[in-house]
Amino acid sequence: MSYAATPALVRLPIWRARIVLFAFVGAFAVLLGRSVWLQAVKTGFLQERGEARYSRVLEVPATRGRILDRRGDALAISTPVKSIWAIPEDFRASPAQLRQLGRLLDAEPRELHRKLNGAARDFVYLKRQIPPETAERVAELGIAGVYQQREYRRYYPSGETMAHVVGFTGVDDTGQEGIELAFQGSLAGAPGSRRVIKDRLGHVVEDIESIRAAQDGKDLSLALDGKIQSLAFAALKQAVDTHKAKGGALVAIDARSGEVLALANVPTYNPNNRARMTGAQLRNRVITDLFEPGSTLKPFTVALALDLGKVTPDTVIQTAPGRLTIANYTIHDAHPGGAMSVAQVIQKSSNVGAAKIALSLPREEMRELFRRVGFGAPPQLGFPGEAAGKVREARTWRPIEQATMAYGHGISVSLVQLARAYTALARDGELLPLSLVKTEMPVAGRRVLSAATARAVRAMLEAATQPGGTAPRARIMGWRVAGKTGTARKLEHGGYVAHKYIASFVGFAPVSEPRLVVAVMIDEPSTGQYYGGAVAAPVFAQVMQGALRLLQVPHDAPLTPVELPGEGEEAREST
Amino acid sequence: MAKLNLLLLLVLLACAFGLVTSQHQGRKAFAALESETTRARELDVEYGQLQLEASTWGLHARVARIAAETLGLRAPDPRRVRVVEPATAAARP
């Protein structure tokens, strides 16, 4: 039987079919609308939600570059440590756990209490930068609300020896002082991030994209030579202790490349443990401290006079009676001499002689020379806080000031400027740009004096270290040395103070082909001796002897022991 | 027609299995890479720590002290040192 055969059996009204049709169409329309809504309008949100189920953005850490010395020994290295932090609201620990935590973190339970009940409700550091092993034991305690975070801590194996050059980083691994600050940009690197797919167990199963590649910090090779540095630091520290001085500074420069091979300061600090640190310890006396150089400036006065043809090394200058009065002010010589040649003025360090030479020079030329050899401008080491020093405008100089400037008073320089100026004497008149970073390229100097003048002054400076000069204690066995002592009264509150001196010595060796320039400064030696020749020159000799041996510089003098003068026999320089 | 469909179905199945297998292998290889990268980082950290240790043990002041005190070494008198000049300056490294 079929329906077709019985047409009259069921006669359904047409509207019922219509209703069904409309219902179906309506239902489809709703579905369609919903899918359009989800696919077109809310698609972004939904995709994001879906991705959040499995995709994660991971931080790719970047390590800070190492700082190495020129031999490749590490001076600063970052290594991972853990920081322990807590959410005080979630913190749940039994008294026993709290005691154990305190023991591991080396903190009193009372102090932990204070931190956990302090103002911060959602985040508090319990202890930063602890060794990973300790952090693991903290994790084993299983205290709720305690978390760990990986951080980097900087270690300085060479400690106080290199502290002033290398500097240090803060707790967040950014540079705060020294090279760490100066080269923050290239040392730091940039952390990257990448998007990955993680499975149910938290394993990374697929890399989707690298959002930003991590850039590790670049390693930095300094010009410093670890061996010379440690030698220099030991010698300087010994001298400062012996003479009960307030401080001391030393810088050694390679006369060929202008690289700073050693830079030492006393007092110093330990960059690994900076709990008790004072400003005096932190100061880099070589680069940021200014002082009146005293007689170490005389060679430049004489060099200018030679360059301008005003004198020859043999020109005789009358320094008797050891005094020179200019407008109510009298310049003294410590040892009044008679008629001296220009060479002897340097050798015996006569103030009167230097003043008389200076008065024959145009003051503009004198200032110009001081500027040319680098005084009054930062030495461009790229080091934070470089002092520029002060050279006043020539037209404001009175004759007495011009005279005193001839022997280094009324002008302020930093030790590194002074050492750099001496590279011009060591290198036949070429002033070198200095570098704290190892340079592979030979550098071009800038001519500031004629080669003949530089050689003539060099001979005078060598005579100063011979018997009869001011610095026989600067001599060393096997190499010829040249240099100049300086002893300057200290300036405090706008006036010179009695019994407070800065003893200095700047020199180079070997004289036949200078390789190393060393400048030493001892601040306020207070055991009676204060002359540069007695206090600073022995440090120079000790460092020069060791450094030339380490640099394997050929000998240029016979190997006979250096005879030191007896007490009081050496020529004393004027202050 | 039915034969062609069957053939295509087989090809499709083969392709699907191939895709799954290669995906799986890719993930396995990636996991291996990941663990090696982690290891490389760990070794790098260890290298840094060892370098740190080497620098600490090799401090010049410490070496000099041990040489002088424990081993009784001292720098030779310069007069007893023979300096050998290289034949030419160019031969110097």
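The values are calculated or read from the model by the stated rules, or taken from the named source; none is laboratory data. Fair warning: this is a prediction, and the values are worked out from it, not measured in the lab. Virtual Cβ from ideal backbone geometry, glycine too; neighbours counted across all protein chains shown.
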Report task. Any chance you could count how many residues in region A:334-355 are over 39 Å from the mean Cα position of the chain (by Cα) and surrounded by fewer than 24 Cβ atoms within 10 Å (Cβ to Cβ)? Result -> 7
Requested in this report: Using the structure shown, decide if A:Arg283 is in contact (Cβ under 8 Å) with a residue 12 or more places away in the chain, farther than 30 Å from B:Ser35 by Cβ and in contact with a helix residue (DSSP H, G or I) (Cβ under 9 Å, 6 or more places away or on another chain).
Outcome: yes
Report summary line: Within region A:371-419, the residues that are crowded, with 22+ Cβ neighbours inside 10 Å, among the aromatic types (Phe, Trp, Tyr) and more than 21 Å from A:Arg283 (Cα to Cα) are A:Tyr407
Query raised in the report: Quick one: in region A:108-140, which of the residues that are among the β-branched types (Val, Ile, Thr) and assigned to a helix (DSSP H, G or I) is surrounded by the most Cβ atoms within 10 Å (Cβ to Cβ)?
Result: A:Val138
Report task. For A:Gly486, state whether it is within 25 Å of A:Arg363 (Cβ to Cβ) and touching a Pro at 6+ places or on another chain (Cβ under 6 Å). Result -> yes
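Give the residue that is farthest from the chain's Cα centre (by Cα), with candidates limited to residues of region A:187-204 that are basic (Lys, Arg) and in a strand (DSSP E or B). Even if it seems obvious, please write down each step before you answer.
Taking region A:187-204 and keeping what is basic (Lys, Arg), we get A:194-195, A:198, A:200.
Then keep just the ones that are in a strand (DSSP E or B); that gives A:194-195, A:198.
Working: A:Arg194: 35, A:Arg195: 39, A:Lys198: 45 Å.
Of everything passing the filter in region A:187-204, A:Lys198 is farthest from the chain's Cα centre (by Cα).
What are the residues in region A:208-225 that are at pLDDT below 90 and either within 30 Å of A:Ser435 (Cα to Cα) or away from chain B (no Cβ under 12 Å) (or both), if any? Working first, answer last.
Filtering region A:208-225 for residues at pLDDT below 90 gives A:208-217.
Matches in region A:208-225: A:Glu209, A:Ser210, A:Ile211, A:Arg212, A:Ala213, A:Ala214, A:Gln215, A:Asp216, A:Gly217.
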**Report entry** Subset of region A:197-238 that is surrounded by 14 or more Cβ atoms within 10 Å (Cβ to Cβ) and in contact with a Phe, Trp or Tyr (Cβ under 8 Å, 6 or more places away or on another chain) - its residue that is nearest to A:Val166 (Cα to Cα)
**Finding:** A:Leu220
Requested in this report: Would you check if there is a residue in region B:61-80 being closer than 30 Å to A:Tyr155 by Cα, at pLDDT 90 or above, more than 35 Å from the chain's Cα centre (by Cα) and not in a helix (DSSP H, G or I)?
Outcome: yes
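Looking at the structure I just gave you, is A:Leu9 modelled with pLDDT of 90 or more and over 30 Å from A:His113 (Cβ atoms)? So that I can check it myself, show each step before the final result.
Numbers: modelled with pLDDT of 90 or more: no; over 30 Å from A:His113 (Cβ atoms): yes.
Considered against the rule, which asks whether it is modelled with pLDDT of 90 or more and over 30 Å from A:His113 (Cβ atoms), A:Leu9 comes out as no.
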Report summary line: region A:329-388: helices (runs of 4 or more DSSP H) wholly inside it with 2 or more residues that are touching a Pro at 6+ places or on another chain (Cβ under 7 Å) are A:342-348
**Report entry** Some residue of region A:90-107 being touching a residue at least 40 places away in the same chain (Cβ under 8 Å), aromatic (Phe, Trp, Tyr), surrounded by 12 or more Cβ atoms within 10 Å (Cβ to Cβ) and within 30 Å of B:Leu43 (Cα to Cα)
**Finding:** no
Query - Out of A:Arg70, A:Arg16, sole residue that is surrounded by 10 or more Cβ atoms within 10 Å (Cβ to Cβ), out of contact with any His (no Cβ under 6 Å at 6 or more places or on another chain) and basic (Lys, Arg) - result: A:Arg70
**Report entry** Matching residues, region A:169-182, being in contact with a Gly (Cβ under 7 Å, 6 or more places away or on another chain) and either at pLDDT below 90 or surrounded by 21 or more Cβ atoms within 10 Å (Cβ to Cβ) (or both)
**Finding:** A:Thr169, A:Gly175, A:Gln176, A:Glu177, A:Gly178, A:Ile179, A:Glu180, A:Ala182
Requested in this report: Select, from B:Lys28, B:Lys3, the only residue that is without any contact (Cβ under 8 Å) to a residue 24 or more places away in the chain, within 10 Å of chain A (Cβ to nearest Cβ) and either not in a helix (DSSP H, G or I) or not small (Gly, Ala, Ser) (or both).
Outcome: B:Lys28
Report task. Answer yes or no: is there a residue in region A:18-38 that is in contact with a helix residue (DSSP H, G or I) (Cβ under 9 Å, 6 or more places away or on another chain) and of a type in the set (Gly, Ala, Ser). Result -> no
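Does at least one position in region A:146-165 carry a residue that is more than 14 Å from chain B (Cβ to nearest Cβ), touching a residue at least 12 places away in the same chain (Cβ under 8 Å) and assigned to a loop (DSSP other than H, G, I, E, B)? Break it down into steps so the answer makes sense when it comes.
Initially, region A:146-165 is screened for residues more than 14 Å from chain B (Cβ to nearest Cβ), giving A:146-149, A:164-165.
The next check asks that each one be touching a residue at least 12 places away in the same chain (Cβ under 8 Å); those that pass are A:146-149, A:164-165.
From what is left, the residues that are assigned to a loop (DSSP other than H, G, I, E, B) are none.
No: region A:146-165 contains no residue that is more than 14 Å from chain B (Cβ to nearest Cβ), touching a residue at least 12 places away in the same chain (Cβ under 8 Å) and assigned to a loop (DSSP other than H, G, I, E, B).
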Query raised in the report: Could you list, in sequence order, the residues of region A:227-261 that are under 30 Å from A:Arg446 (Cβ atoms) and within 12 Å of chain B (Cβ to nearest Cβ)?
Result: A:Ile228, A:Gln229, A:Ala232
Report summary line: Here, strands (runs of 3 or more DSSP E) confined to region A:474-541 with at least 3 residues that are farther than 20 Å from A:Leu290 by Cβ and under 30 Å from the mean Cα position of the chain (by Cα) are A:495-509
Query raised in the report: Right, A:Lys356: touching a His at 6+ places or on another chain (Cβ under 8 Å) and either of a type outside the set (Val, Ile, Thr) or closer than 20 Å to A:Leu461 by Cβ (or both) or not?
Result: no
Requested in this report: State which residue is nearest to A:Gly429 (Cα to Cα) when the search covers only region A:264-284 and only residues that are modelled with pLDDT under 90 and crowded, with 24+ Cβ neighbours inside 10 Å.
Outcome: A:Asn284
**Report entry** Positions within region A:58-83 being modelled with pLDDT under 85 and among the hydrophobic types (A, V, I, L, M, F, W, C), in sequence order
**Finding:** A:Leu58, A:Val60, A:Ala62
